[in-house]
Structures are given as C-alpha cells and as structure tokens.
Amino acid sequence: MMNEKELTFTADQAGIRIDSYLSQELPGLSRSYIQKIMKGGGCTVGGRPVKANYILHDGDEIYFRVPENREPEILPENIPLDILYEDDELLVVNKPKGMVVHPAAGHYEHTLVNALLYHCQGHLSGINGVLRPGIVHRIDRDTTGALVVCKTDRAHRSLSQQLAVHSITRKYRAICHGSFDRMPDEKIFAGGNLRVTREADDRFRFEGNIGRHPSDRVKMAVVPADKGKTAITHMTVLERLNGYTYVECELETGRTHQIRVHLATAGHPLLGDEVYGPAHCPVRGTEGQTLHAMVLGFVHPVTGEYMEFSAPLPAYFSALLKKLQM
C-alpha cells in the first residue's frame, strides 16, 4: 500500500480555483500533478471530494492527500541535444524552449537530465543527487540557451565555486515592454527595495533582493534588504523597437527568476512572460517569456583556461525581433 501524507489548509483566498490555490501553497508540486491527485479523489473540501475547477470560499477547510516522496527512477531517454562543447569533464548544451532541466514532482520524463543520462551513459557528477546529476545551475523551462553540465565531481565543485563568487559570465538576450528613454539616472521601485541606476547612456544597474513572493508562492519578488538574497542585474539597451526594447542582461548574481523579476518590478516585464507580465500577450508568436541565455563563460576546472560559448537566438525569438522591427 502506498504511503501518503495528509495536508490540511484553511483557505485564505476566495474566488479562485482550488488547483491554482494549492499550486501556490505547494510550490514543489506542478499544477498538472495536483489535478491528477484530485482526479483520484485525493482532495476534499468540508469532507466532500471536489474537482480542480472548484471555486474557493474564504474559510474552506481543505484536505489534500499526497503520495509520500519516493526516490523515483530517472530513466535515460534518447532526446537529441544541441551540444555547443563537450570534453571528458563537462559539456555545454543549448537548451530548447519548453524543456524542464531536471526532474521534479509531476515531471519525471522528457527533461534535460533524461537526455543527459542517455547521451553521457550515466557519466555525470553525483554531487546533486539522482534527480539532478551533473546539474550545477539551471534555467527556466521557457528560457532557452547555454547551460553547463558536469560529468565529474571535480568539475562540479569547481563550477559551483565559480558560481558562488559570481565569476561566471552569463549574458541573456530579452525583449521587454516599453522604453528606457525617460529613465532618470536613478530611480527607486517597490517601496525602496529596487534601485535602478544609469551606468552609461544605455546601460543600467538593477539592485534589489529577491525572495519568495509574500502572497503568491509560485512567484518570486523584490523584497526588503533584510529578506531574500542579494540580486544585481546589469542591462544594456541593444535596440528600440515598436513599443518594446531589445536588451542584453548580464547577471552579477543568479537568483531564481532574477531578470524577469527585476525588469517587471521596474515596469518593463518581458514580452510573453505569463507570470510577471500582462495576462494577455499582445504579440503573436511568443512561447513564454522572451529570454535567451546567449553567452556563458567560465574557467575550465582542469586546464584553468577561460572558455566562452555563445548560443544562437532560437528561431521564434529572431522572428519576433523581425516582426517588431517593422
């Protein structure tokens, strides 16, 4: 018999779907996985089973039954990889849009890790455990671009240390709403928690701690200085478009959703960002946020040589640029 854990909640939000509410309360579970549990009768409100589209009332007593976490078997899958570089210690891949980096609840197949297990025949660093073999850093499912993967533990330790001291080069390309033409030399957002300063004519520095959103646990947010983690982004305007701006963002730190949160908090969310941007995207052809990890540079863990790689813009991104340039 499957072991389970029982969770109870008292709804503090009214008028929203219960599956949406539970995905906020249980950020480790995907919404589709929550819906699957509900289909099996794993959720009741006031003692009665409810469907995923049940609309909550303030004070509803929710009971949710989750299968106990087990060490899942992560299987190799023959999924083609766009490899930018590879040697005996590591490889750099160009991750496509829509691919989850590592397995998590509700996503145990078709991830980058599944593909890496097949390609590397299991020869991946084990420091991060069976769910994240070889994974030193990650990018969001709908973000594309360069990602380094470690085959050996010594490579993993070296790259982790470089990440810790912020010496790895990470430059992203993005399209954001609006223009920065009228941005003053310094401006404060989010009640004083985000400071944007002009470093040069078209170069800006964003500094504001990032932590979990206080009311929506699916999101991250700029938070007070005594909370969250220090986050610094350097942004350069590359091209002014029709109502949008094509930018390069260089990470000084690497927090969850950092670029997306900093730009959205300053009033310039990424085009296509379904979490931090407008509810309805005004431009056709977006496939989630327009964010691409273009440049990745680091010191090789064995040779000591600085190496830098560039991932070309994906086709959808180039097509959007061309459309907005017209």
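Quick rundown of the values:
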{"item": "Search result, residues across segment 158-185 that are in contact (Cβ under 8 Å) with a residue 40 or more places away in the chain and either more than 20 Å from the chain's Cα centre (by Cα) or not in a strand (DSSP E or B) (or both)", "result": "SER158, LEU159, GLN162, LEU163, HIS166, SER167, ILE168, GLY178, SER179, PHE180, ASP181"}
{"item": "Pairs, first closer than 23 Å to LYS227 by Cβ in segment 243-271, second in a helix (DSSP H, G or I) and open to solvent by 40 Å² or more (accessible area, probe 1.4 Å), C-beta under 7 Å, six or more apart", "result": "THR265/ALA190"}
{"item": "Some residue of segment 205-223 being open to solvent by 30 Å² or more (accessible area, probe 1.4 Å), of a type outside the set (D, E, K, R), under 29 Å from GLN325 (Cβ atoms) and modelled with pLDDT of 95 or more", "result": "no"}
{"item": "Output for segment 284-308, where each listed residue is farther than 14 Å from LEU90 by Cα and buried (at least 16 other Cβ atoms within 10 Å of the Cβ)", "result": "THR286, GLY288, GLN289, THR290, LEU291, HIS292, ALA293, MET294, VAL295"}
{"item": "Residue selected from segment 168-195 under the condition of a type in the set (A, V, I, L, M) and over 26 Å from GLU287 (Cβ atoms), by the criterion surrounded by the fewest Cβ atoms within 10 Å (Cβ to Cβ)", "result": "ILE188"}
{"item": "Residues (surrounded by fewer than 16 Cβ atoms within 10 Å (Cβ to Cβ) and in a helix (DSSP H, G or I)) located in segment 21-51", "result": "SER32, LYS36, LYS39"}
{"item": "Per-region count, segment 224-252, residues closer than 16 Å to ALA264 by Cα and modelled with pLDDT under 95", "result": "1"}
{"item": "Segment 91-104 residues that are without any contact (Cβ under 8 Å) to a residue 40 or more places away in the chain, paired with ones that are of a type in the set (Ser, Thr, Tyr) (beta carbon under 7 Å, 6 or more apart)", "result": "HIS102/THR111; PRO103/THR111"}
{"item": "Of all residues making up segment 310-326, the number that are assigned to a strand (DSSP E or B) and free of Cβ contacts under 8 Å to residues at least 60 places away in the same chain", "result": "0"}
{"item": "Filter result for ALA115 (open to solvent by less than 50 Å² (accessible area, probe 1.4 Å) and in a strand (DSSP E or B))", "result": "no"}
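Matching residues to (1) under 30 Å from PRO312 (Cα atoms); (2) under 28 Å from the mean Cα position of the chain (by Cα):
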residue	(1), (2)
SER23	no, yes
GLN35	no, yes
MET38	no, yes
GLY42	no, no
LEU56	no, no
LEU75	yes, yes
LEU91	yes, yes
LYS95	yes, yes
MET99	yes, yes
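Each row is one residue, and each column tells you yes or no for (1) among the small types (Gly, Ala, Ser); (2) in a loop (DSSP other than H, G, I, E, B); (3) under 27 Å from GLN35 (Cα atoms); (4) touching a Lys or Arg at 6+ places or on another chain (Cβ under 6 Å).
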| position | (1), (2), (3), (4) |
| --- | --- |
| LEU91 | no, no, no, no |
| HIS102 | no, yes, yes, yes |
| SER125 | yes, yes, no, no |
| LEU131 | no, yes, yes, no |
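The values are calculated or read from the model by the stated rules, or taken from the named source; none is laboratory data. Predicted model only: the values in this text are computed from it and were never measured. As a convention, Cβ positions derive from the backbone with ideal geometry for all residues, glycine included, and neighbour counts pool all protein chains shown. Surface areas here come from the heavy atoms of the whole protein model, side chains and all, with no ligands, DNA or RNA. Shrake-Rupley method; radii C 1.70, N 1.55, O 1.52, S 1.80 Å.
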